[in-house]
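First up is the structure itself, then whatever we jot down about it.
Each reported figure results from applying straightforward, stated rules to the coordinates on display, with no laboratory input. Here the structure is a predicted model, which means the values were calculated and not measured. Every residue, glycine as well, gets a Cβ built from its backbone with ideal geometry; the counts of neighbours run over all protein chains shown.
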Amino acid sequence: MTDFQFSIEQEAGAARAAVFATPHGAVETPAFMPVGTLATVKSLDPDDLTRLGARMILANAYHLHLRPGDELIRDLGGLHEFMQWDGPILTDSGGFQVFSLEGLRTVSEEGVEFRSHLDGSLRLFTPERVMQIERNLGADVIMQFDHVIPGQSDAPSAEDAMQRSVRWLERCVAEVGRLDRESANRQALFPIVQGGVHESLRLAAARAIRGVGDWFGFGIGGLSVGESKPDMYRMLEVVDGELPRDRPRYLMGVGFPEDLVEGVRRGVDLFDCVAPTRMGRNGAAFTRDGRLNIKRAEYRADRGPLDAECDCAACRRFSRAYIRHLFTADEILGLRLLSLHNVHFLVRLMRDARSAIRAGTLDAWSRDWLARYHSRTPTPA
RNA sequence: GGUGGGGUGGCCGAGUGGCUAAUGGCAGCAGACUGUAAAUCUGCCGGGUUAACGCCCUACGAAGGUUCGAAUCCUUCCCCCACCA
């Protein structure tokens, strides 16, 4: 299968600038992928995403299985057609929901029984079932079904979840093979490296995964789930040495701007996170000088843009005072403008990082970028 | 003019003798958010002082009274609403 390809253009330490080709187009990396769990990046439409430079987006198997149903989406032509996004799509498996919906599920070797958060019905998610769901959805990249646990979990728990994730990976592979024999397919299955914050477990997970098969790319999961940032960064360094360098690494669920910069430096190519959209809906804007809460009274009469150096649609046109007013008045345009801005901010951040890698200036660029982001507080214009 | 109901902290609105600086909601102020159970959640919210505990002051239309003690009971007055004249 040549639908997927990862072409490295330039390296800078662990970091690299590359192009990740998929059946629905190529993604220049490092890249940030906006999250559209329910087949929509909340408040943004496909044209918005295209304009701000997003190339690849996420959707979620658990949520779309529950509503509107993966078979319905299949019958309507698949996720790309359904949501009118013709760029690359990646679907998460529901492994994160094992963590986030902890009170609504029970884990066994067979799989995870979820109590639907929508209607209370029981749904058994096995690796096989998840592969069928992700096949029905039809994303370009599909994630294995994994077992995510809290970041501070002790080694025995982390090892247990990691080993289970590896066993489930084997079942995912088998099921994908069975489905492929039924009908041709152009999806890439990504495994997920687990292991909590324990170096030996991360190493063991990476090795075990490589033993299961050959992969077009690798997910790094179970991070940004409650562990410290130093622990998260350390795990990236550990994993970097154990994964093949000629394949993309996708750090799942990360993150905040500073985490993207730190991640790129440690060899991560792809990121996704709900932060830009969720925080945008809650009034927080990323700026070059740190986070800004647009609801604060000090911006009441502020004529300036969210971020003076930003060229997004919101910053080119609207004042902080206006956007603050929208939030104060509970107007939906406010949520939309901050979501637009925040996603644009991360997309551009990765574009800038890519340029720095290609220019051979990543170290200086990232050092300066982080210093400024951390040292200042956005002030009224 | 008569009858009935009512006046509570910025607003709405509970509370009918002590546990009440006074439930709730809204507004306001601030914080959190990392593979989305989220346009969500959390904290503060009479004034002064304190790092905090606490202490002091002011407060339930106004004034006076009963009581050890009143937003709650009594008296008078002011105002609002409804209905009847």
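Just so you know, in region A:291-306 the residues that are closer than 23 Å to A:ALA54 by Cβ and in contact (Cβ under 8 Å) with a residue 60 or more places away in the chain include one that is nearest to RNA strand B (Cβ to nearest atom), and it is A:ARG291. Could you please let me know if A:LEU349 is in contact (Cβ under 8 Å) with a residue 12 or more places away in the chain, within 16 Å of RNA strand B (Cβ to nearest atom) and either hydroxyl-bearing (Ser, Thr, Tyr) or under 18 Å from A:ASP45 (Cβ atoms) (or both)? So A:LEU349 does not fit the description; no. At least 2 residues being more than 12 Å from RNA strand B (Cβ to nearest atom) and either on the phi > 0 side of the Ramachandran plot or not hydroxyl-bearing (Ser, Thr, Tyr) (or both) is the threshold, and among the strands (runs of 3 or more DSSP E) wholly inside region A:1-95 those reaching it are A:5-12, A:15-22, A:25-29. Residues in region A:230-255 that are touching a helix residue (DSSP H, G or I) at 6+ places or on another chain (Cβ under 7 Å) and of a type in the set (D, E, K, R): A:GLU242 only. When region A:103-117 is filtered for residues that are more than 8 Å from RNA strand B (Cβ to nearest atom) and exposed (fewer than 14 other Cβ atoms within 10 Å of the Cβ), the ones remaining, listed by number, are A:THR106, A:SER108, A:GLU109, A:GLU110.
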